[in-house]
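The values are calculated or read from the model by the stated rules, or taken from the named source; none is laboratory data. Just so it is clear, the model here is predicted, and its values are computed rather than measured. Cβ: placed from backbone, ideal geometry, glycine included. Neighbour counts: every protein chain shown. In case anyone asks, the SASA skips ligands and DNA or RNA and just uses the protein heavy atoms, side chains included. Shrake-Rupley method; radii C 1.70, N 1.55, O 1.52, S 1.80 Å.
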Amino acid sequence: MQIKSFMRTLTLIHSSLTMGLIAFTLFVYFQNPSFTVGTDSKDPYVYIVPTIAILGYFLSKFLFQKQLQNIHPKDTLTTKLTRYQTASLIQYALLEGSALFALVIYYTYGNALYLVIGLSLLAYMIALRPKMNRLIKALPLKQAEEQQLKQSEYYKK
């Protein structure tokens, strides 16, 4: 796998997921005529949505790190990049699923808390934009592999 095609693919996947989530957020926001700020302790989603958001956040970080721990320094660069891509996709999916759940519940009930939770997960998803520096820090690279990645057009000092 070439570094250029790897970064292009990962960036495209991340951008697509993020743009879809942004579009859904805008749709939900403008389609919901009601907007309440208070919380009702009888509403079970007041507890369910934050719990799912927290689980999605921490589980995405945990599984991402767990996948990276399974990468051996002796693996080829292509194998390392493929496993990094898989770990990233799992991370993105968990975050997007949690955000979509919060936004669907916001659409249904109109409580601003759910919108804020969905927007927070969206902001974190945007912050996870693929960067070569982050990839270099995360992977157990040999010196030659690190130099090869730093020479790519995607590396910014």
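Taking the Cα centre of the range 1-96 as the origin and placing charges on Cβ (Lys, Arg +1; Asp, Glu -1), which of 30, 41, 15 is farthest toward the positive end of the dipole? The Cα lying farthest towards the positive end belongs to 15.
Do any of 4/66; 80/150; 61/156 go past 21 Å between their Cα atoms, and which?
4/66; 61/156
For the chain, the per residue solvent-accessible surface stands at 58 Å², with DNA, RNA and ligands left out and a 1.4 Å probe. Taking 0.36 nm per residue of separation and subtracting the current Cα-Cα distance, fully stretching the chain between residue 112 and residue 16 would add 32.0 nm. Modelled spin-label separation between residue 29 and residue 155, with each label point placed 7 Å from Cα along the Cα-to-Cβ direction: 3.8 nm. Computed from Cα positions, the angle between helix 45-69 and the longest principal axis of the chain comes to roughly 0 degrees. Overall form of the range 3-157: prolate. Here a/c, set by the Cα gyration tensor axes a ≥ b ≥ c, is 1.5 or more, and a/b is the larger of a/b and b/c. Considering only protein heavy atoms and a probe of 1.4 Å, how much of the accessible area of the range 27-157 is carbon and sulfur, as a whole percent? The C+S portion of the solvent-accessible surface of the range 27-157 is 61 percent. Using the Cβ-Cβ distance between residue 61 and residue 5 with R0 set to 30 Å, the FRET efficiency from 1/(1 + (r/R0)^6) comes to roughly 0.65.
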